[in-house]
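A short worksheet on the structure shown next.
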Amino acid sequence: MRAKLPHTEGTTDRDGVNLHYEVYGDGAETILFVPTWALIHSRVWKAQVPYLSERFRVITFDPRGNGKSDRPDNPDAYTIDKIVADVIAVMDEIGVEKAALVGLSFSSAIAFAVAAYHPDRVSAVISTGAWSPIVPPKKERADAYANDLVDHPQLWQKYNPDYWRKDYPDFVRFFLDRVHNEPHSTKQHEDAVAWALEGDAEMLIMTQEARDTPEIAIDEDMYRKVQCPSLICVGDNDDVTPPETSFAIAELTGGELQVFEGGGHAIHARFPARFNTLMRDFLARHLGTWKPESRKVTSAPKRVLYLSSPIGLGHARRDLAVTRELRKLHPDLQVDWLAQDPVIRFLDANTERVHPASKLLANESAHIEAECGEHDLHAFQAIRNMDEILIKNFMVFQEVLEEESYDLVIADEAWDVDHYWHEHPDLKKAPMAWFTDFVGWLPFAENGPREAFLTTDYNAEMIKHVEGHPDVRDRSIFVGTSDDIVNRDFGDGLPQMRDWIPKHFEFSDYIIGQHPSEFGSRDDLRVEFGYDDGRTTCIVAVGGSGVGAALIQRILKAVPLARTRIPELRIIVVAGPRLDPAMFDLPDGVEMRAFVPDLDRHLAACDLALVQGGLTTCMELAAAGTPFLYFPLRNHFEQNFHVASRLERYNAGRKMIFAESDPERIATAMLEELGAPRIPNTVAADGASRAAAMLHELL
């Protein structure tokens, strides 16, 4: 799932070589991302394109030799003069007179060459991880390429073309380990390896053989010819090209130099929030393009910007409860919600104010749905794969705070904000309260050591963030008690969760949207909803993210079997706001609803519920004392570990394994739960007010 798709794509024929391009956005100024070494195609810019295309026209194209462009089989097709001409040809094809060029590594040299030899076509150059022959390469690389392996025959031999032919995938992994050499760069490395494996060794060798060309010389004189403004970004720990290359280019061009402390070769990928901000502000200074302008807020009321995770509606329900309690303490409080579907539907139904910038957010629920199989969601990997969406949404959030003054940001599992503010604490613009109901990514043993390594790496980064920058979160609130922490460690060599979490979180106890004790009597609720007609009412609900279609279909097959044992059984299926009720074949007598804003009240009134494994719905049922079966999504670590552990503590619900639950087993479990309902432990009724009191101190 991508954060944004191009509105135009096509190919241009450059002397028999078709170059594939994509165009995003329609801003007055154009940014063209120049393809780097043909090892990798244009997706390398995925952290920049979705955000910048909101304000600019943005162009990417794949290099000859990779992606959707042609792959010539002659080294002469890969010379620098031809690649420079490719940039001009793509601009001509799209009708662009002038553009800011962005280059990475090899394409830094291409961008500066276009600026030097076609000055009327380039408004600015942004360079990162620059390669250039004006500074000698790292000696071990040069020796290996020349087959001089005396001093380093094992490691550096992989830079030799003979090795590329022998084991191209191993070279790719070796080389990209050095591109993404910063700690906790596993996702960037995985992406780059996947893209590079779309190419091959012979193409890569041709690109190296063809670089020298008499028509265009990449030398100091070329850089001195550059007249447009330039921004040169470099990591001081670049393990591919010497940082001195970027220093020299900045001196020759008079460009602005930005050094990323601890950064490697691909800082635009590893530190996209800072890179995007630097690039945006640089273009604003030199081209007069848009940037956020701070607006003074003269109104007296306190202002809160609320971010509620859109993955399911449970976050929104508890966040609204907290907001209502907070308004009791601050009656004139202004709350703006930066939200997306389906949360927006819930907020609209409750007459809350949605910030206009919400329309710029990429949809996280749609991504989760795209990652889901048949009742199978690898939640950890799905969030890892959401990195393109998260950086886009963080930049939208950051712009809001750069333009408007807020007294507090409340972030309910807003992973993007928490991550990037910890990465770059200087970007923080307001106090932040962080809410979560679980801490720690957990692996499944059956998924092998790689998943255990990755979850440990992510947990280690989180621990380092929190311990290294304790002032980023002004309040960390765990939605539950210390007893709700799973009895696990964060990974090999990392602390126990029950030891570490209480040192860094306060506990609100559970926050429920509205506690069933406030609904009135159960008999009155049953009368209100028409559930008092002598039938046994069962509600099937699968949450708000749209991943529950398979569960609904399986349960519908169990309905006829259940009815043979419970003739008076009434089944109501709540599909949620992102599933079309028309997609289901309903047995006779089954009622289908779409979005039910007060679903919690219906769950408190029914006799039995069949639900997914989401925490909010399960805890609402526990609080109401309603018997229920819950079916955690396969590979969903939160539902299978964190939620299941909590429900076991509350003696609530019956856990069902979807893969083992045929219609017969589901029907039997329904009958058993109705016949011998368990009595759950009491669920706190004052969690929202406790949380509001914590937030009140920040206001």
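The values are calculated or read from the model by the stated rules, or taken from the named source; none is laboratory data. Predicted model only: the values in this text are computed from it and were never measured. With ideal geometry, Cβ positions are generated from the backbone for all residues, glycine too; neighbour counts draw on all protein chains shown. Each accessible area value is taken on the protein alone, full model and side chains, heavy atoms only, with ligands, DNA and RNA left out. Shrake-Rupley method; radii C 1.70, N 1.55, O 1.52, S 1.80 Å.
A few comments on the model shown:
- Restricted to the range 363-378, and to residues there that are open to solvent by 10 Å² or more (accessible area, probe 1.4 Å) and of a type in the set (Gly, Ala, Ser), the residue that is farthest from Tyr306 (Cα to Cα) is Gly373.
- Count - residues of the range 679-695 that are loosely packed, with under 14 Cβ neighbours inside 10 Å and either under 16 Å from Cys538 (Cβ atoms) or out of contact with any Phe, Trp or Tyr (no Cβ under 7 Å at 6 or more places or on another chain) (or both): 2
- Looking only at the range 96-139, and only at residues there that are modelled with pLDDT under 95 and charged (D, E, K, R), the one that is farthest from Phe33 (Cα to Cα): Lys139
- Test result for Ser127, in a loop (DSSP other than H, G, I, E, B), surrounded by 24 or more Cβ atoms within 10 Å (Cβ to Cβ), in contact (Cβ under 8 Å) with a residue 24 or more places away in the chain and among the hydroxyl-bearing types (Ser, Thr, Tyr): no
- Number of the condition not met by Thr456 [criteria: (1) touching a residue at least 60 places away in the same chain (Cβ under 8 Å); (2) within 16 Å of Gly493 (Cα to Cα)]: (1)
- For Met670, the conditions (1) farther than 29 Å from Tyr306 by Cα; (2) in a helix (DSSP H, G or I); (3) open to solvent by less than 10 Å² (accessible area, probe 1.4 Å); (4) free of Cβ contacts under 8 Å to residues at least 40 places away in the same chain are fulfilled apart from (4).
- Being open to solvent by less than 20 Å² (accessible area, probe 1.4 Å), touching a residue at least 40 places away in the same chain (Cβ under 8 Å), in contact with a Lys or Arg (Cβ under 9 Å, 6 or more places away or on another chain) and basic (Lys, Arg) is a description that applies to Arg64.
- Number of positions in the range 471-482 that are open to solvent by 20 Å² or more (accessible area, probe 1.4 Å) and in a strand (DSSP E or B): 1
- From Arg649, Arg665, residue being at pLDDT 95 or above, open to solvent by 10 Å² or more (accessible area, probe 1.4 Å) and either assigned to a loop (DSSP other than H, G, I, E, B) or under 23 Å from Gln514 (Cβ atoms) (or both): Arg649
- For beta carbons closer than 8 Å, sequence separation of 6+ or different chains, a first residue in the range 359-371 that is within 18 Å of Tyr51 (Cβ to Cβ) and a second that is assigned to a helix (DSSP H, G or I) and of a type in the set (Gly, Ala, Ser), the qualifying pairs are His367/Ala382.
- Candidates are the residues of the range 253-280 that are assigned to a helix (DSSP H, G or I) and in contact with a His (Cβ under 9 Å, 6 or more places away or on another chain); the one that is nearest to Ala47 (Cα to Cα) is Ala269.
- Qualifying residue in the range 39-55 (condition: open to solvent by less than 10 Å² (accessible area, probe 1.4 Å), among the small types (Gly, Ala, Ser) and free of Cβ contacts under 8 Å to residues at least 60 places away in the same chain): yes
- Qualifying residue in the range 463-470 (condition: open to solvent by 30 Å² or more (accessible area, probe 1.4 Å) and under 21 Å from Ala691 (Cα atoms)): yes
- Selection count where residues are assigned to a loop (DSSP other than H, G, I, E, B), touching a His at 6+ places or on another chain (Cβ under 9 Å) and of a type outside the set (D, E, K, R), scope the range 427-440: 3
- For the range 296-324, a residue qualifies if it is surrounded by fewer than 20 Cβ atoms within 10 Å (Cβ to Cβ) and either in contact with a helix residue (DSSP H, G or I) (Cβ under 6 Å, 6 or more places away or on another chain) or free of Cβ contacts under 8 Å to residues at least 12 places away in the same chain (or both), and exactly one does: Thr298.
- In the range 281-319, residue modelled with the highest pLDDT [restricted to those that are β-branched (Val, Ile, Thr) and in a loop (DSSP other than H, G, I, E, B)]: Thr289
- Within the range 631-643, one or more residues are closer than 18 Å to Val479 by Cα, under 32 Å from the mean Cα position of the chain (by Cα), of a type in the set (Asp, Glu) and open to solvent by less than 60 Å² (accessible area, probe 1.4 Å).
- Scanning the range 283-332 for residues that are more than 23 Å from the chain's Cα centre (by Cα) and among the β-branched types (Val, Ile, Thr) gives Thr289, Val297, Thr298, Val304, Val322, Thr323.
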